[in-house]
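Below: one structure, written as structure tokens.
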Amino acid sequence: MIDIRLARDDPEAVKAALGRRGVDPAEIDGLLDTDARARNAVGRRDELRARVKDLSRQVAEARRAGDDGLAGRLMTESRQLGDEATGLGADADAAQAEVRDRLLWLPNLPSADAPDGAGPEDNRTVRRWPETPRTYAEHQKIPHWEVGEALGILDMERGAKLSGSMFPLYRGTGARLIRALTGFALDRHADEFEEVRPPTLVRTDTMVSTGHLPKFSDEAYHLERDDLWAIPTAEVPLTSMYRDDILEEEDLPMRLTAASACFRREAGAAGRDTRGLLRVHEFDKVELFAYATADQAAAVHADMVERVEVLLRALDLEYRVLDLCTGDLGNSSARTFDLEVYAPGSDMWLEVSSVSWFRDYQARRANIRYRPTGGGSPVFVHTLNGSALAWARIWAALVEAGRGPDGSVVLPEVLGPYLGGTTVMKGR
């Protein structure tokens, strides 16, 4: 969440920043009105509590002096003020809860470097690889769902039979390719990132910490009986690993990576292209995550983007890097670069990674701070994360771009060690 002190000290700047994201200035006015009410209630409650404490002292003195009448009157006044303080305490708690709720729903302040814009059409292409667009043969222009069915390596029909539509089932070399990609990516990140295998089901507080709740509850799978949520990304548990903890500055940046299944309802997918693996409810992904100081964040962000690009070049996939505009930023993000690969069979650019810097927005929700080496009060960390990579669409792009004239699929050589030495998919 944003720092309430920023809204108090410079409300116009906060309104202007969030206005770039389409937030009504009245939202900030409502937040500040609620905050003022909460602070007034807390102040009045604390005054009454101090008065009750002083009366207790006076009662004790009156009793020691043998003045039972005065002690009785003071006790009556103390009880009345105590009842009033209790009522104000309830008001203060309610107002403070409303302030927190308003903050939880507000998006992050966008970075000054994020381009302005209303939506995806205003995202800025930073670069593409290779610089000269590739040309593709006709045998590469077959969509992956047809290639997968012909080779028996993707069975969307049986996946739907088991779990419903948009739950893919990979078979044979199709399943092995997912495993190979995961091992390949984790090995490439092992130089700097500690591998973690987090739980796939998490508590509500864990989802709140990243900003997935309360605003995006419709997108998540909730196990109501246990009040657990299926993670939409490993970012969720990684962010909360140090919830309510204080780290040491010398341990930052702390870099983590995790492979996990990810679950998303895709509640807004109605009417959109849901064929094959273009949009699915469950997919595997390798995540990069970091806790950092404000000074370290830019370099960590750039390193994550470069790591994703290195993987895509190693996989020989045509890609482009987009700097997301303010109207397309995720709710928690201050700056995001999306990486998209071109899938010639689908004739689409497919997002395969989103690398984001959140400033201290998530850390405030999760209460994660670090102790400065030079001394002073603990400071909220900055969090960053990125997909490196999400496999469903990578699988699709590899199968389409690698399809040969005979219908088999040739995969990049870097995957050979993870595929038993073969890089040709001829089916089951």
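Compute the distance in nm between two label points, each set 7 Å from the Cα along the Cα-to-Cβ direction, one at Glu250 and one at Asp205.
Spacing of the two 7 Å Cα→Cβ label points: 3.0 nm.
Calculate what fraction, in whole %, of the accessible area of region 112-227 sits on carbon and sulfur atoms when a 1.4 Å probe is rolled over the protein chains.
Carbon and sulfur together cover 47 percent of it.
May I ask for the angle, rounded to the nearest 10°, between helix 25-64 and the longest principal axis of the chain, with both axes built from Cα atoms and the value confined to 0 to 90°?
40 degrees
Round to the nearest 10 and report in Å² the accessible area of Asp218, as given by a 1.4 Å probe over the protein chains' heavy atoms.
Asp218 has an accessible surface of roughly 120 Å² with all protein chains in place.
Could you work out how far apart the two model spin labels at Lys53 and Ala294 are, taking each label as a point 7 Å from the Cα in the direction of the beta carbon, and quote it in nm?
3.3 nm
Could you sort the peptides 403-413, 172-182, 119-129 by per-residue average Cβ neighbour count (10 Å cutoff), highest mean leading?
172-182, 403-413, 119-129
If you average the alpha carbon positions of region 86-123 and of region 206-259, how far apart do those two centres end up, in angstrom?
Computed from Cα coordinates, the inter-centre distance equals 18 Å.
Only Cα pairs within less than 10 Å get springs; with that Gaussian network setup on the chain, which residue of Arg243, Arg49, Arg365 has the largest fluctuation?
Arg49
I'd like the carbon and sulfur percentage of the solvent accessible area for region 1-65, probe radius 1.4 Å, heavy atoms only, ligands and nucleic acids excluded.
Ligands and nucleic acids excluded, carbon and sulfur reach 48 percent.
Pairing the Cα long axis of helix 68-105 with the longest principal axis of the chain, what angle in degrees results, from 0 to 90 and rounded to the nearest 10?
Here the helix axis deviates by roughly 20 degrees.
For region 277-347, give the percent of accessible area contributed by carbon and sulfur heavy atoms, probe 1.4 Å, rounded to a whole number.
41 percent
Can you tell me the accessible area per residue over the chain, all protein chains present, probe 1.4 angstrom, in square angstrom?
Solvent-accessible surface per residue comes out at 47 Å².
Determine the shape class of region 224-315: with a ≥ b ≥ c the square roots of the Cα gyration tensor eigenvalues, call it rounded for a/c under 1.5, and otherwise prolate if a/b is greater than b/c, oblate otherwise.
The shape class here is oblate.
Could you run the Debye sum over the Cα atoms of the chain, one equal point scatterer each and no solvent, and tell me log10 of I(q)/I(0) at q = 0.06, 0.09, 0.11, 0.14 Å⁻¹, two decimals?
So the normalised log intensities work out to -0.34, -0.65, -0.89, -1.30.
Okay, helix-only estimate at 222 nm for the chain: each DSSP H run of n ≥ 4 adds -39500 (n - 2.57), divide by all residues, round to 500 deg cm²/dmol; what do you get?
Calculated at 222 nm, the ellipticity per residue is -13500 deg cm²/dmol.
When ranked by the protection proxy of mean other Cβ atoms within 10 Å per residue, highest first, what sequence do the peptides 16-24, 343-351 form?
Per-residue Cβ counts within 10 Å, averaged per peptide and sorted highest first, yield 343-351, 16-24.
Based only on the alpha carbon positions, what is the Kirkwood hydrodynamic radius of region 292-428, in angstrom?
Result for region 292-428, one decimal place: 17.1 Å.
Just want the answer: with Cβ charges of +1 for Lys and Arg and -1 for Asp and Glu, which residue in Thr200, Ala175, Ala230 is farthest toward the dipole's positive end in region 133-242?
Ala175
Could you tell me whether region 89-156 comes out rounded, prolate or oblate from its Cα gyration tensor? Rule is a ≥ b ≥ c as square roots of the eigenvalues, rounded for a/c under 1.5, then prolate if a/b exceeds b/c, otherwise oblate.
In terms of gyration-tensor shape, oblate.
The values are calculated or read from the model by the stated rules, or taken from the named source; none is laboratory data. Quick caveat: nothing in here was measured; it's all calculated off a predicted structure. Note: ideal-geometry Cβ built from the backbone for every residue, glycine included; neighbour counts use all protein chains shown. Remember, those area values only see protein heavy atoms, side chains included, never the ligands or the DNA or RNA. Shrake-Rupley method; radii C 1.70, N 1.55, O 1.52, S 1.80 Å.
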